[in-house]
1. Name the residue, out of B:417, B:377, B:408, that is buried (at least 19 other Cβ atoms within 10 Å of the Cβ), out of contact with any Pro (no Cβ under 6 Å at 6 or more places or on another chain) and not β-branched (Val, Ile, Thr).
2. Within segment B:150-165, is even one residue assigned to a helix (DSSP H, G or I) and under 19 Å from residue B:372 (Cα atoms)?
3. Pick from B:290, B:273, B:286, B:303: which is within 14 Å of chain A (Cβ to nearest Cβ), under 29 Å from residue B:409 (Cβ atoms) and not aromatic (Phe, Trp, Tyr)?
4. Could you run through segment A:38-64 and say how many residues are within 8 Å of chain B (Cβ to nearest Cβ) and assigned to a helix (DSSP H, G or I)?
5. If we keep just the residues of segment B:220-265 that are of a type in the set (Ser, Thr, Tyr) and outside any helix (DSSP H, G or I), which is nearest to the other protein chains (Cβ to nearest Cβ)?
6. Answer yes or no: is there a residue in segment B:157-170 that is in contact with a Ser or Thr (Cβ under 8 Å, 6 or more places away or on another chain), of a type in the set (Ser, Thr, Tyr) and either surrounded by 18 or more Cβ atoms within 10 Å (Cβ to Cβ) or closer than 29 Å to residue B:405 by Cβ (or both).
7. Given B:100, B:69, B:80, which one is in a helix (DSSP H, G or I), within 18 Å of the chain's Cα centre (by Cα) and not hydroxyl-bearing (Ser, Thr, Tyr)?
8. Quick one: how many residues across segment B:319-348 are in contact (Cβ under 8 Å) with a residue 60 or more places away in the chain and of a type in the set (Phe, Trp, Tyr)?
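The values are calculated or read from the model by the stated rules, or taken from the named source; none is laboratory data. What you are looking at is a predicted structure, and each value in this text was computed from that prediction instead of being measured. Please note: Cβ atoms are built from the backbone with ideal geometry, for glycine as well, and neighbour counts cover all protein chains shown.
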Amino acid sequence: MANVLSRYFLNVSLSMTEELTTNLFAYAIFIGASLLAREKGHLGFSLLTDYLPPKLQIIIAILIGCLTTVFFAVLFWFGLEMVMQQYEYQQKTPALGLDEWIMGLSVPLGSFLCVLRFWEGCILEIKTIRGRMKS
Amino acid sequence: MSATAICLFASFFILLFLNVPIAVALGLSTVITMFAFELPLPSLPSTMFSSMTKFTLLAIPFFFLAGLIMERAGISKRLIAFAQAMTGHYRGGMAIVAVIAATFFASMSGSGPATMAAVGAIVIPAMVKQGYRKDQSAGLLATAGGMGIVLPPSIAYVVYGVVAEVSIGKLFIAGIVPGLLMGLCLAITGYVIARKYDIPTLPKASRQEKWKAFKEASWGLLAPLIILGGIYSGLFTPTESAIVAVFYGLFVGLFVYKEFSLKEIPSLLIESAKNTSMIMLIVAAASSFAWLLTVEGIAQDMANMLMGLADNKYTILFIITIILLIAGMFVDAISAYYIFLPIFLPILIAMEIDPIHFGVLMTLNLAIGLVTPPVGLDLYVACGLTGISLKQISIGVIPFLLVAIFVLLLVTYIPALSLWLPGLMD
């Protein structure tokens, strides 16, 4: 993780290759987003759900998990389709001539990571709500 | 309104109120609408991918990093000490100190909550000790932190510039006068409050003390000059200015104040990567939302509807302001740019409103959104810093909120406030 980042930071500071950095940026975004998902760090509107009884909160947490999964599953599926197409036509990036599909792979790979981490965050949250119910 | 528009907005708000993360709510409502109306879903990942891989947006992690480094380097601490030596003995001195420090910090870092956290952690306890009400101190700092996105450099202008396709450098320069005006008005409010509650002043600092505080803080005072001077003179682009800010902060922290160690860098990198990912995931999902708004003609329909309500630009601007103030209560600034700009841009062209002027007023509007409950990022940071509840701070912030809205109206109806400085550039 830190390795990927430092590599892309170094690249930018030397202002070497715009193409490589922006594509690595996409990877970094998905990795960061999945990290945040576990910590419940993504912005949300919790005012209404905070007032619900704990049991309903658990149901909503699971519902959010499912909805999030649907979104990333769509992204994963069509992202994979995009990558396959790029591979099939052997598309290359315009400046460096790198394989486009390696760059595009960040979308399905990132979506997959995000689904895992969002569920991890969801389970952690259910545990804290349960803990609050007991005490 | 067409059925697609209703489906898109209704599903977005239902998801939002269910506490689905904003990024997912934006993306999923787009997916649902495209699925329901049999639009080509396979184009979704490439739309999102190309919105993420824009070179200009690479400025965002650097602005976050710059803010984090400046804070750890000990710059904010010395700025506060300097402001205190200069104005502490005036009535309302501590409130003025808070505003000055926030102004300087805002012109080094790119985000509102970062400004709030860096300055508030030191200033709020000091203000409370002086006799200010805790909720009002927190409210003042939250509003002053909101200036962080109005004063350049600012992540908000980077995103506006990308969406509206205008010069980010010009937006930065245009934000200077409105940002300073906001600071001035907040300082005056602080003074009025200090008079009302008869808050004691600090002892006057001697000339030697002032000079010492100035020397200590001079590295911090120099930072905005370097960053803004560089952009103003065209020496570097906004993205490069973010990198310059990072290295300047590193240099000061490592070699001048020596409060910063290289060991801290990895954790700061990860911190800024997380903040960046949060924003960029919103950018990616929101741009697919915006794309749907545009290709389905929803944006144009809504623009026509708005223009049907009034025929001159002053009324239209007023309506837009109201819409944005309400929207700012529920969504964050970045999402708001993507959701509303496709609708507003045709209006700007039809009504001959300068997009730079509009960028500043929209950003100011969304800065106010940072301190309006229920979704105000700055309020949450302030609650975290002080331990008071959202309800308490919502009351404490009211006087500053009113002042901020007053400044917003000034900036909206006097375009020269934002357009004068960039006009000197060409």
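1. Numbers: B:417 fails: out of contact with any Pro (no Cβ under 6 Å at 6 or more places or on another chain); B:377 fails: out of contact with any Pro (no Cβ under 6 Å at 6 or more places or on another chain).
Answer to the check: B:408.
2. The first filter runs over segment B:150-165 and keeps only residues assigned to a helix (DSSP H, G or I), leaving B:150, B:155-164.
Now drop any that are not under 19 Å from residue B:372 (Cα atoms), which leaves B:150, B:156.
Yes, the conditions are met somewhere in segment B:150-165.
3. B:286
4. Final tally of qualifying residues: 6.
5. Ranking the qualifying residues of segment B:220-265, first place goes to B:237.
6. Looking through segment B:157-170, at least one residue is in contact with a Ser or Thr (Cβ under 8 Å, 6 or more places away or on another chain), of a type in the set (Ser, Thr, Tyr) and either surrounded by 18 or more Cβ atoms within 10 Å (Cβ to Cβ) or closer than 29 Å to residue B:405 by Cβ (or both).
7. B:100
8. Number of matching residues: 3.
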